[in-house]
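Reviewing the structure listed below.
Readers should treat all values here as calculations from the given coordinates under stated rules, not as data from a laboratory. As the structure is a computational prediction, the values presented were derived from the model and not from experiment. In this analysis, Cβ positions are derived from the backbone assuming ideal geometry, glycine residues included, and neighbour counts consider all displayed protein chains.
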Amino acid sequence: MDQMRNSRGKDVAVVIGATSKWQPDGPNTLLAHGAPLDETSTPLSARWGVGGAIAQKFAREGFFVVLTTRGAAHAEGLAQAIADQGGEAMIVELDLASQASITAAFDEIRREAGDPAVVVYNAGYLEGRALPPEHELLEFFPTEMFETALNVACRGPFLVAKEVLPAMRRARRGSLLFSNNAQSLRGRKRYTGGSLYYPRVMMRALAQALTEEYSEHGVHVANVVIDGTIDSPGTRALPRIKPESLIDPARIADAFHYLHSQHPSCWTHELQLTPSVQKPSY
């Protein structure tokens with residue numbers, strides 16, 4: 001019997017950061033637009049951003065999906081959408097700034113769902129976006145904002161990996177997929193002289209190191225660079241946004257499922273997704 005199948009006979013997919021800060025009432029949406037947005041015109045695939053699209057995709061493919069978020073209420077609509085589509089999901093609260101919270105969350109996941117066969121690390125952060133341009137130099141950047149970036153993009157991935165890799169190694173199968181962005185490719189003059197860039201670089205480096213360490217044990221680790229603006233209620237309402245420039249979250253979700261489905265003889269370890277109307281970042 002496959003030890004990674006749960007009592008329902010399903011593989012378990014965990015989405016870390018299953019909701020979006022750009023969903024109708026998300027913090028980025030409120031910051032950019034001043035109020036929640038009407039979501040009725042937004043497809044279900046885009047309503048909860050990348051995490052929501054990935055969760056729906058894996059549920060449709062027969063996985064039992066675990067949605068992690070700092071507050072369960074943020075994911076209730078997504079869980080209901082998955083149920084309405086015939087899938088199964090549960091919500092687990094998880095605070096990436098707390099090692100105790102991460103440990104407790106995965107204890108609950110293992111107890112209630114089983115060992116994950118695939119984990120998608122899709123957490124993001126708001127810090128830095130609200131700073132005025134004259135404060136984007138490193139010398140003005142609040143240290144607590146930098147610590148949040150480290151928790152989400154560097155320390156969090158390390159702690160999550162420690163929770164899930166042992167069972168994957170023992171089973172000799174499983175995928176740990178990092179949802180990253182173009183900030184991981186090179187430092188640029190934005191967001192305080194790059195102080196929000198190198199945590200993303202460290203996430204990419206972690207994926208590279210884990211690839212070398214765990215591939216021989218049957219574990220697929222990959223870094224996905226999402227290079228562009230993702231379609232969501234908050235982003236499609238931004239001024240001067242052209243619809244053709246937005247990346248469809250459902251297509252991103254297809255890419256993550258493709259990575260998990262790859263044969264071990266031909267694994268992709270880094271994938272960059274860029275809309276055709278945009279030049280890729282390097």
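What's the extension gain from TYR282 to ARG70 if we count 0.36 nm per residue and subtract their Cα-Cα distance?
Taking TYR282 through ARG70 to full extension adds about 73.1 nm, to one decimal.
Quickly work out the ALA104-to-GLN262 label distance, labels modelled 7 Å from Cα along the C-beta direction, and quote it in nm with one decimal.
Reported label-point gap for GLN262 and ALA104 is 3.7 nm.
Could you list TYR282, TYR214 in order of exposure, starting from the residue whose Cβ has the fewest other Cβ atoms within 10 Å?
Placing the least packed residue first, the sequence is TYR282, TYR214.
What relative contact order, as a whole-number percentage, does the range 192-282 give when Cα pairs under 8 Å and 6 or more residues apart are counted?
The normalised contact order for the range 192-282 reaches 33 percent.
How big is the shadow of the Cα convex hull of the range 215-276, averaged over all directions, in nm²?
Directional mean of the projected Cα hull area for the range 215-276 stands at 4.8 nm².
Going by C-beta contacts inside 10 Å, put VAL65, VAL224, VAL92 in order with the fewest on the left.
VAL92, VAL224, VAL65
Can you pull the one-decimal nm distance between simple spin-label points at GLN208 and GLU139, each 7 Å off the Cα toward Cβ?
Simple spin-label model gives 3.2 nm for this pair.
Among TRP22, TRP267, rank each residue by its count of other Cβ atoms within 10 Å, from fewest to most, as a rough exposure measure.
Going from sparsest to densest Cβ surroundings: TRP267, TRP22.
Subtracting the Cα-Cα distance from 0.36 nm times the residue separation, let me have the gained length for GLU61 to ARG169 in nm, one decimal. Write out the running numbers ahead of the final one.
On the way: separation 108, 0.36 × 108 = 38.88 nm, distance 2.33 nm.
The span from GLU61 to ARG169 would gain 36.6 nm if fully extended.
Given R₀ = 22 Å, what would the calculated FRET efficiency be for ASP248 paired with HIS33, taking r from the Cβ atoms and rounding to 0.05?
The formula returns an efficiency of 0.55 here.
At 20 °C and 1.002 mPa s, what whole-number value in µm²/s does Stokes-Einstein give for the translational diffusion of the range 12-273, with Rh from the Kirkwood sum over Cα pairs? The partial results should precede the final answer.
Details: Rh = 18.6 Å.
It comes out at roughly 115 µm²/s.
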